[in-house]
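Below: one structure, written as structure tokens.
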Amino acid sequence: MNKKIIISMIIIGFILILLDKKFFNKKIYNFSKEEGKEIKYEKKENEPWSGLYISIFYFTSISLGALFFLGIQNISNSGWSIIIHPIMEDIASFIPYGSIMIFIILSLNTLDYIHLFHWMSPDLFDPISLKYDKIIASKKLFLNTPFFLIRSLIYVLGCSFFYFKIRKKSHILDQTHSLNDYKKLYFISLIFIIFFSIVSILIAWDWIMSLNPHWFSTLFGWYILSSYIVTGIGTITIISIYLNKKGYFPLFNKNHLHDLSKYLFSSSLLWSYLWFSQFLLYWYGNIPEEIYYFLKREEIYQSIHFWILIPNLVIPLFGLISSKNKTNPKIVFSIAFTLLIGHYIETYSLIAPDVEIQFGMSEIGSLLLIGGIFYYILFSNLNKRKPNASKGNPFFQESKNYEYPYM
């Protein structure tokens, strides 16, 4: 991708954030009811931080999904995907940057500079205060600022560590062609899969679900993990098709595309299954504390949680169910791009209703700004790639000559 386009995205995004009238300080008031009395209290303006938080989380989740998918390929000894491993690594290169940006926003919350996380207000834990919240106070053992920041720091450092470690082991393997180094790559990937399987659930609880501390879902962590996988595979597919079309990725062919399309298809179905599992269980239970999550999105955002099923389930289901379509670059590219749009809307629907914002210039600007940074880092890493990348992997020749048996 032309660097001028990427830099233009970053500049336009920054300008849109500055031009948004919500960027300037203003007072916003919320109302709560205590003992039958309506209490008015000032709430801090969260723009442009809310839009930035949504975009940073979205692009970081793409990178995490790509690294998770790469780890799965490594520990399963998959031969077909070896030539695509460098692309997976480069998509994952945003992890250190994105996770640090998220940590900065979380730190600004703890300093009370911004107020995305409502539960961080000390008045909610004080029984004497008019703002005292019994439900939030009962979760103080888990939802307290020091422990929250420590957990977040573990997520940031842990995911960044495994990204650098896997990348380093992969580069060493390219140079040595050693089976011993391949085993080391296998081992570190295995540890990462175990680590991330646990941490991804905690990230979902801390960085998204705690935005609305009255609501909880036992499926939520797995639901968010499935979204990581879909967006990660979708981005891998788009970049692979794009590089192949430009002539920079000649080893990539319809056989590899077919397998990527299968993963894209199956991961979108997995996400849909978890979406329906969560929704139907709550609809059947009809418990006010649970269904409020869906009612809020229905009333404020015109049932956004239902509309996201069109790009995230309906289009990939009917578009990729045909084996012939799975090998058509134009169709697969369009569906993968649609899924990325759909999952941005999903990320927005997860966060925006709980921080009480409406989509505007600030959100568009944040998407362009963070998206521009993401693609700048991605293509900078791709440009540094050596032509012999992944040739040290013992399955490289199998991947190079791969043919899907039923094509």
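Points worth noting:
- Checking each residue in region 308-319 for being touching a Phe, Trp or Tyr at 6+ places or on another chain (Cβ under 9 Å), part of a helix (DSSP H, G or I) and among the hydrophobic types (A, V, I, L, M, F, W, C) picks out LEU309, LEU313, LEU317.
- Remark: ILE239 matches the filter, which requires a residue to be assigned to a helix (DSSP H, G or I), surrounded by 17 or more Cβ atoms within 10 Å (Cβ to Cβ) and either at positive phi or touching a residue at least 60 places away in the same chain (Cβ under 8 Å) (or both).
- Criterion violated by PHE249 - all others in (1) buried (at least 19 other Cβ atoms within 10 Å of the Cβ); (2) aromatic (Phe, Trp, Tyr); (3) modelled with pLDDT of 95 or more satisfied: (3)
- Beta carbons closer than 7 Å, at least 6 apart along the sequence or on distinct chains, pair a first residue in region 359-372 that is part of a helix (DSSP H, G or I) with a second that is among the aromatic types (Phe, Trp, Tyr) for SER362/PHE23; GLY365/PHE14; LEU369/PHE14; ILE370/PHE59; GLY371/PHE59.
- Where GLN397 falls short, out of the listed (1) more than 21 Å from the chain's Cα centre (by Cα); (2) buried (at least 21 other Cβ atoms within 10 Å of the Cβ); (3) not in a loop (DSSP other than H, G, I, E, B); (4) not β-branched (Val, Ile, Thr): (2)
- When region 302-321 is filtered for residues that are without any contact (Cβ under 8 Å) to a residue 40 or more places away in the chain and either under 30 Å from VAL355 (Cα atoms) or surrounded by 13 or more Cβ atoms within 10 Å (Cβ to Cβ) (or both), the ones remaining, listed by number, are GLN302, SER303, PHE306, TRP307, LEU309, ILE310, PRO311, VAL314, ILE315, GLY319.
- Within region 75-106, being touching a Ser or Thr at 6+ places or on another chain (Cβ under 8 Å) and of a type in the set (Phe, Trp, Tyr) holds for TRP80, PHE94, PHE103.
- A search for C-beta distances below 9 Å between a residue of region 176-203 that is charged (D, E, K, R) and any residue that is modelled with pLDDT under 95 and in a helix (DSSP H, G or I), counting only pairs 6+ apart in sequence or on different chains, returns ASP181/LYS169; ASP181/ILE172; ASP181/LEU173; ASP181/GLN175; LYS184/LYS169; LYS184/ILE172; LYS184/LEU173.
- Residue match in region 291-301 (condition: in contact with a Phe, Trp or Tyr (Cβ under 9 Å, 6 or more places away or on another chain) and surrounded by fewer than 13 Cβ atoms within 10 Å (Cβ to Cβ)): no
- Residue tally, condition out of contact with any Lys or Arg (no Cβ under 7 Å at 6 or more places or on another chain), farther than 28 Å from HIS171 by Cα and either among the aliphatic types (A, V, I, L, M) or modelled with pLDDT of 80 or more (or both), over region 361-406: 8
- No other residue among PHE69, PHE117 is among the aromatic types (Phe, Trp, Tyr) and either within 18 Å of GLY234 (Cβ to Cβ) or free of Cβ contacts under 8 Å to residues at least 40 places away in the same chain (or both) apart from PHE69.
- Checked against the criterion of being modelled with pLDDT under 95 and closer than 20 Å to LEU350 by Cβ, the candidates LEU211, LEU173 yield just one match: LEU211.
- For region 58-77, the set of residues classified as small (Gly, Ala, Ser) and modelled with pLDDT under 95 consists of SER76 only.
- Which listed residue, of LEU264, LEU280, LEU269, is within 19 Å of LEU339 (Cα to Cα), assigned to a helix (DSSP H, G or I), aliphatic (A, V, I, L, M) and out of contact with any helix residue (DSSP H, G or I) (no Cβ under 6 Å at 6 or more places or on another chain): LEU269
The values are calculated or read from the model by the stated rules, or taken from the named source; none is laboratory data. Keep in mind it's a predicted model, so treat the numbers as computed, not measured. Here Cβ is always computed from backbone atoms with ideal geometry, including for glycine, and neighbour counts include all displayed protein chains.
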